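Presented below is the structure to which this report refers.
The values are calculated or read from the model by the stated rules, or taken from the named source; none is laboratory data. Quick caveat, the model's predicted, so the values are computed rather than measured. Reconstructed Cβ throughout: ideal geometry from the backbone, glycine too, with neighbour counts over all protein chains shown.
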Amino acid sequence: MKIRFINTTTKFPVDKKIEKKFHNTIKGAYKKAVESAQHQEYIDVFFVNEEELNENIKSNEINEINEINEENSTTPIDWLGIYIQKYQKYNRNIIKICPEKINRTCKLLKKPDFYPTLLVAVVIHELAHWLMCQSSEKISEEVIDEIPCGWLQQIKPANQIANWENDRHFIEESLANSFILKQKINDNELNFLKRFTDGQPDGYKQGTRWSGDLKTTIETAKDWKKFKSRVDHEEWNLVFYKNNNHTPTQELINSLKLNPPEKAIDSFNFTKAYTKHLAIHIKTRKDQRENDKGDFSLYKLKSIEDAQNIKEFPNTIDGNFNCSFNELKSLDGIPVKIGGFLDISNNRFTSLQGIKQLKEMKGLLYTYNCPIKSHILGVFFINGCSGILANNRSNFGKAVAIVNCHIRKGRSGLLPCTKELIEAGLEEFAKI
């Protein structure tokens, strides 16, 4: 992918000198991250006049980048550029920049010589949106099942959308402005850009608060992009449930707003923070409905202290239950009834002791990549369990093959299964 500068309707065409300055300013790691963020042949940056840019801003109904605070200028807040997803004319994502507005801004700030610096900065800011937004292709739905849904999905507070949109705008603009200050710029340019950033509205001005190096900020931006793609799905509505004023994004925003700052924000893992938030509030949400009305998934919480066991899961789940890819060690608190399969794969279970707390399910028990070394016969006490799936090459896999030969007989298959396991030298597995 290549970044292309294209002069169109602007009265201030961008020349090769400014384009060279851009390439000398942008760091290789940032350029590489941007160019690999989406599946397009080119990243086209169009330089347009004020009329065209204003029309695009109006039609997209977005409050886009780089505005001047009235306290630092003699004109109202103004826009300098815009990132447009799936621009209708080309059916792809593009960037539009207005050199006229940038030139006027520098004059208002009494720094006309910094016109090339500010123009390059606006391009870098818009490229950050490119980095943090989805490709113009359809958003993948592969992450839909990675989070709790079913009864949780029903909790949709009236103020949820507004809160999320405000949070999204604040965080994304602060990250985008932070990238400007992490490029190859001299001290005079840095002081000018910091002054410019400090004169912008909340969200934009907090770009100076991200203290991590370029690599760290890129990782934060990538995680933000990943997290946004999940939130855009209906299932994630639950993270903004009613009367919750302490979501991770709101706490991050409060930290960024502190003046003077309490501490520098080096990085932020949105996915980890929110999955921890979900785990902590599982019981709060569970209590809002008597039973689950569909599948229940806590896929890939991983390493979250509050999800080390499953004590807070609902007693009854009408659909499938997936708690794979975590750090779970105990089956204490497992639901009594599951309407579909149970997937506990890729956890730290060393046995299936406690599995017989589950009285009923319909389907298979998935246990891939669990270091299970004993106690697997509890499955014979689960009505509707049709078998266990596990890695074939382990002793556990060998024991599972024997269990699956007998489990369809129900409890009457328990004794012959026990005998066969002992004869095969797998006596540790022949326990309930």
Review point. Looking at the range 343-369, which of the residues that are part of a strand (DSSP E or B) and not aliphatic (A, V, I, L, M) is nearest to the chain's Cα centre (by Cα)?
Key: ASP343
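Can you name the residue in the range 56-75 that is modelled with pLDDT of 65 or more and loosely packed, with under 13 Cβ neighbours inside 10 Å and is also nearest to PRO201 (Cα to Cα) among such residues? Reasoning before the result, please.
Filtering the range 56-75 for residues modelled with pLDDT of 65 or more gives 56-59.
Filter once more, so that each one left must be loosely packed, with under 13 Cβ neighbours inside 10 Å: 58-59.
Details: LYS58: 19, SER59: 22 Å.
Checked the range 56-75; the qualifying residue nearest to PRO201 (Cα to Cα) is LYS58.
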Revision key, fill the gap. Expected output for the range 76-98 (first residue within 18 Å of TYR42 (Cβ to Cβ) and surrounded by 23 or more Cβ atoms within 10 Å (Cβ to Cβ), partner small (Gly, Ala, Ser) and modelled with pLDDT of 85 or more, Cβ below 6 Å, 6+ apart or cross-chain) is ILE97/GLY81
Review point. Just wondering, is there one or more residues in the range 110-128 that are touching a strand residue (DSSP E or B) at 6+ places or on another chain (Cβ under 8 Å), of a type in the set (Asp, Glu) and modelled with pLDDT of 85 or more?
Key: yes
Exercise for review: Pull up the range 318-347, narrow it to residues that are of a type in the set (Phe, Trp, Tyr) and surrounded by fewer than 21 Cβ atoms within 10 Å (Cβ to Cβ), then point me to the one that is nearest to LYS359 (Cα to Cα).
Suggested key: PHE341
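Select the helices (runs of 4 or more DSSP H) contained entirely in the range 167-266, then report the ones holding at least 1 residues which are surrounded by 16 or more Cβ atoms within 10 Å (Cβ to Cβ) and at pLDDT 95 or above.
Details: elements: 187-198, 214-231, 248-257.
Output list reads 187-198, 214-231.
Based on this model, can you work out whether LEU358 counts as of a type outside the set (Val, Ile, Thr) and either buried (at least 21 other Cβ atoms within 10 Å of the Cβ) or in contact with a Pro (Cβ under 9 Å, 6 or more places away or on another chain) (or both)?
Values: of a type outside the set (Val, Ile, Thr): yes; either buried (at least 21 other Cβ atoms within 10 Å of the Cβ) or in contact with a Pro (Cβ under 9 Å, 6 or more places away or on another chain) (or both): yes.
It is true that LEU358 is of a type outside the set (Val, Ile, Thr) and either buried (at least 21 other Cβ atoms within 10 Å of the Cβ) or in contact with a Pro (Cβ under 9 Å, 6 or more places away or on another chain) (or both).
Residue-by-condition table, conditions (1) touching a Ser or Thr at 6+ places or on another chain (Cβ under 6 Å); (2) over 23 Å from GLU427 (Cα atoms):
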| position | (1), (2) |
| --- | --- |
| GLY333 | no, yes |
| LYS337 | yes, yes |
| ASP343 | yes, yes |
| ARG348 | no, no |
| LYS359 | no, yes |
| LYS362 | no, yes |
| CYS370 | no, no |
| PHE381 | no, no |
| GLY397 | no, no |
